[in-house]
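Engineer: Right, I'll just put the structure down here and ask away after.
The values are calculated or read from the model by the stated rules, or taken from the named source; none is laboratory data. In this text, all values refer to a predicted model and were calculated from it rather than measured experimentally. FYI the Cβ positions are ideal-geometry reconstructions off the backbone, even for glycines, and counts take in every protein chain you see. To get the accessible areas, we keep the full protein, side chains included, count just its heavy atoms, and leave off ligands, DNA and RNA. Shrake-Rupley method; radii C 1.70, N 1.55, O 1.52, S 1.80 Å.
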Amino acid sequence: MKPTSFVFRSLQARILTLFVLLFLVVQVLGFSFTVRTISDNARAQLREELTVGERLFGRQMAQNGQRLIQAANILSGDFGFREAVATNAGETIASALRNHGSRIHADITMYADLRGKIIASSVPAMAAGSAFPFPAMIKSAENEDSAVSIVQLNDAPYQLVIVPLKAPVAIGWIAFGFRLNDRDMSDFEALTRIKLSVITRDAASHWSVAASNFQAPLWPELIAQAGTNPPPQLLMTLGGEEYESRLSTLSQQGDSIAIAVLQRSVNEAAAPYRKLQTTLLILTLGGLGLLLAGSMLVSQRIVRPVRELAASAKRIEEGDYTQAVEVRGHDEIAELGSALNHMRGAISAREQRIIQLAYSDELTALPNRAMFMDRLEQAVKVSCRLGRPMSVLMMDLDRFKLINDALGHQRGDEVLRAVGQRLAGVVARESDTLARLGGDEFAILLPADGADGARMIAQRIVHAMEQPMTVQEVAVDVGISIGIVTAPEHGEDAATLMRRADIAMYVTKRNGNGWTHYHRSFDGQSPDRLSMLSEMRRAIEMDEFVLYYQPKVSLLTGEVNGAEALVRWTHPDRGFLPPDQFIPFAEQTGFITQITRWVLKAAFAQCAEWWRQGRALNIAVNLSARDLHAPGLVDYVRDQLKEHGVQPEWVTLEVTESAVMSDAARALETLEVLHKMGLLLAIDDFGTGYSSFAYLKKMPVDELKIDKSFVMDMILDRDDAAIVRSVIDLSHNMGLKVTAEGAENDAIIQSLVSLNCDLAQGYHWTPPLGQGEFELWLDQYSHQRRSSLSEHASESFDRSKLS
């Protein structure tokens, strides 16, 4: 037997021993780390599941509360119910409560008067004449117009809402409620695997379990740990088993409180991971055995060339692929060296390919978003450090979706490639970066240009895109919308600049003016604009919006045939606001649909009143693109016509070309239904969009309104005059009436009369006026017109006698 010292002088033995020791150390450390990581991950996953479960339960409770509030509000608006309350018809009140409560399967329905005395109730223990048991909710509802709370009633938990009955001031309180029971908890557990309990504390600080997935014997432990003001996230032990727990306050009225306790078993969550630990242990032991056997077989052959192979591998690791491994002989080591050479070549090729894919767009071969953002971040740092301006142009193609839908995605891809080539022709400097960000979005980084240079590039791009491009023998007209930002003026980091460039781009797309330089007023996150949405909601509720009216005058008879309703805002703090200060923001946020509905309601009411007064005026109301695409528009218009007794032919709905063309199929479907109802339809601001008379033939319109930008300059500009003449002639050939906007003076009026234009509106007669001023102007105009006609008739009579 060889001495131990001699054995360990052997390189083979030392390699074998070293490998085994390293393997054991690595595996032990790795196993320990894995076990710890598994435990931490299991706990973290449980906490995440509880957080998600809390949001899900909160959303469920919020939805239930909203259902109850909506049902109560519907009942409060029921005329029959208010009449029953006014006449103190107890049976009718109770019947209405039962009927409305059954529709949403409410477990509690109650009505109490302003003194808190119950008039009718579905709860036997709270008969008529008894006091409403939760006066704190009434006090809360007085301030917030409604109150939602989890309450304990007859030893059972309920989600209860209370809303005022107004006529128009509060005359009583309507309460609806759902019961929380163990079945609800079980359904929640089946959906989320989370155990759910609801514990409550009454005004006497007595804790109880209202509903729970746990068996009753565990409830004292649950209360002992959850009812002592613990942190929101904690570890509980129930029945000897650990549970990750999350506490969420459902409601609090004075000293009374309701808390949801969401829990997941730690053992249950860790069970799958324990199998993984066992598998890892088995693999570790198996790997050790294989290492011992394999090391003894291969260590004899790897000693001599190992250093060379290690050096070559090191070079490859460092990214040096130029030097190949020297291969000697034909044994396994030689094959390993040859394989290492092949690997070196393959890794080099793949790395180049990965770099290409990671930083370039495969369709256009332009830099992609990743490369653009990397260069933008570097350019922003340089700009901020040196105080030198740089700019970003964000671009989005107009009508590209229509091209894709009409010509197919293959030609759409060719359009994108052609656009990339045109843009590359504009961006000539090597320091600039043109990139395709994705879809039909492109961007240009100008690291050495400020605002003026960026605007020059934008103008060149718009000019380059004006020429149609030919794709597979098809002429394609593609527009482009550009948003421009400049650093450091508009931001000192890449994310802010990109967000604001995107905002500017969409302002351009909305206005159709080619390019727009960012301004802080565009940003929906500025403090003024953040408050505007809530202020507009308040304006609807407080009736702060008003309608102004501009007359539409017949150029044939001189009569006022109608009026266009225009919304204005009498803001309590900012004063009188014209539409350009709030309508664009309303369109961006989608609130325009609520404003339009207010305008429709107010305009229909005014129209009905004028007809009752003998003023036979057609009233025109504008619709936006969001209105055309919003669900329920047709039903709302039909309801308002019926409510106010307005005939459909008394109303003209005006839509812009861009509103129709943004989603033509859907818009046409809505317009067809409105037209069949008998309402008149008009295309507003004609000439500023991108539709055509060929497309207009498909649209169910009765009237065309020529944009004022053409009318106001038609006297001095021959091109504008030719456009107005052509639109009038072609519209009449299509059976459409024509209204000219922007009639500012007598010369324009006379020119429009000579062109046989049907109607006109503008400051020649009057700017938009409030309802009272408009009626006064209308009376004065009618009187002056009658006087003028009388004088004209008199002059004609005198001339006939003289002759």
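Engineer: I'm trying to understand the selection: among the residues of region 195-227, which are surrounded by 15 or more Cβ atoms within 10 Å (Cβ to Cβ) and of a type in the set (Ser, Thr, Tyr)?
Structural biologist: Answer for region 195-227, where residues must be surrounded by 15 or more Cβ atoms within 10 Å (Cβ to Cβ) and of a type in the set (Ser, Thr, Tyr): Ser197, Thr200, Ser208, Ser212.
Engineer: From the list Arg718, Arg786, pick out the single residue that is within 29 Å of Ala608 (Cβ to Cβ) and modelled with pLDDT under 95.
Structural biologist: From the options Arg718, Arg786, the qualifying one is Arg786.
Engineer: Could you identify the single residue in Ser121, Ser102, Ser130 that is closer than 27 Å to Arg59 by Cβ and hydroxyl-bearing (Ser, Thr, Tyr)?
Structural biologist: Going through Ser121, Ser102, Ser130 in turn, the sole match is Ser102.
Engineer: Tell me which of these Leu623 doesn't satisfy, since it passes every other one: (1) modelled with pLDDT under 95; (2) over 32 Å from the mean Cα position of the chain (by Cα).
Structural biologist: Result: Leu623 fails condition (2) only.
Engineer: Among the residues of region 115-152, write down those that are open to solvent by 40 Å² or more (accessible area, probe 1.4 Å), free of Cβ contacts under 8 Å to residues at least 60 places away in the same chain, in a strand (DSSP E or B) and of a type in the set (A, V, I, L, M).
Structural biologist: Ala131 - this is the single residue of region 115-152 that is open to solvent by 40 Å² or more (accessible area, probe 1.4 Å), free of Cβ contacts under 8 Å to residues at least 60 places away in the same chain, in a strand (DSSP E or B) and of a type in the set (A, V, I, L, M).
Engineer: Among the residues of region 431-482, count how many are open to solvent by 40 Å² or more (accessible area, probe 1.4 Å), modelled with pLDDT of 85 or more and not small (Gly, Ala, Ser).
Structural biologist: So the answer is 6.
Engineer: Quick one: in region 708-742, of everything that is part of a loop (DSSP other than H, G, I, E, B) and not small (Gly, Ala, Ser), which residue is most open to solvent (accessible area, probe 1.4 Å)?
Structural biologist: Leu716
Engineer: While we're looking at this one, here's another question. So, in region 50-88, how many residues would count as being open to solvent by 30 Å² or more (accessible area, probe 1.4 Å) and of a type in the set (Gly, Ala, Ser)?
Structural biologist: Of the residues in region 50-88, 5 are open to solvent by 30 Å² or more (accessible area, probe 1.4 Å) and of a type in the set (Gly, Ala, Ser).
Engineer: If a residue must be more than 18 Å from Ala448 (Cβ to Cβ), in a strand (DSSP E or B) and touching an Asp or Glu at 6+ places or on another chain (Cβ under 8 Å), how many such residues does region 367-418 contain?
Structural biologist: The number of residues fulfilling the criteria is 4.
Engineer: Taking Asn745 as meeting all but one of (1) modelled with pLDDT of 95 or more; (2) open to solvent by 50 Å² or more (accessible area, probe 1.4 Å), write down the number of the exception.
Structural biologist: (1)
Engineer: If you take the residues of region 382-430 that are polar (S, T, N, Q) and open to solvent by 20 Å² or more (accessible area, probe 1.4 Å), which of them is farthest from the chain's Cα centre (by Cα)?
Structural biologist: If we take residues in region 382-430 being polar (S, T, N, Q) and open to solvent by 20 Å² or more (accessible area, probe 1.4 Å), then Gln421 is farthest from the chain's Cα centre (by Cα).
Engineer: Only residues in region 335-363 that are over 23 Å from Leu416 (Cα atoms) and surrounded by 11 or more Cβ atoms within 10 Å (Cβ to Cβ) count as the first member; pair them with residues that are hydroxyl-bearing (Ser, Thr, Tyr) and at pLDDT below 75, Cβ under 8 angstrom, at least 6 apart or cross-chain, and list the lot.
Structural biologist: Taking only residues 6 or more apart or on different chains, the pairs are Gly337/Ser312; Leu340/Ser312; Arg344/Ser312; Arg344/Tyr321; Gly345/Tyr321; Ile347/Tyr321; Ser348/Tyr321.
Engineer: Suppose we filter Ala147, Ala210, Ala128, Ala190 for residues that are over 37 Å from the mean Cα position of the chain (by Cα), of a type in the set (A, V, I, L, M) and over 25 Å from Ala89 (Cα atoms); which single one remains?
Structural biologist: Matching residue, one of Ala147, Ala210, Ala128, Ala190: Ala210.
Engineer: Considering region 42-91 alone, what residues qualify as being within 21 Å of Pro168 (Cβ to Cβ) and among the hydroxyl-bearing types (Ser, Thr, Tyr)?
Structural biologist: Ser76, Thr87
Engineer: Same structure, new question: So which residues in region 630-667 are in a helix (DSSP H, G or I), open to solvent by 30 Å² or more (accessible area, probe 1.4 Å) and under 30 Å from Lys401 (Cα atoms), if there are any at all?
Structural biologist: Asp635, Ser658, Ala665, Arg666
Engineer: Yes or no: Phe582 touching a residue at least 40 places away in the same chain (Cβ under 8 Å), in contact with a His (Cβ under 9 Å, 6 or more places away or on another chain) and either closer than 16 Å to Ala539 by Cα or open to solvent by 60 Å² or more (accessible area, probe 1.4 Å) (or both)?
Structural biologist: Yes.
Engineer: Still on this structure, please answer the following. Could you give me the residue pairs with C-beta distances under 6 Å whose first residue belongs to region 595-619 and is touching a residue at least 40 places away in the same chain (Cβ under 8 Å), whose second residue is open to solvent by 30 Å² or more (accessible area, probe 1.4 Å) and among the aliphatic types (A, V, I, L, M) wherever it lies, and which are 6+ apart or on separate chains?
Structural biologist: Once the first residue is touching a residue at least 40 places away in the same chain (Cβ under 8 Å) and sits in region 595-619, its partners that are open to solvent by 30 Å² or more (accessible area, probe 1.4 Å) and among the aliphatic types (A, V, I, L, M) give Trp598/Ile540.
Engineer: Name the residue that is modelled with the lowest pLDDT, counting only residues in region 496-533 that are hydroxyl-bearing (Ser, Thr, Tyr) and surrounded by 21 or more Cβ atoms within 10 Å (Cβ to Cβ).
Structural biologist: Looking at the filtered set, the residue picked out is Thr508.
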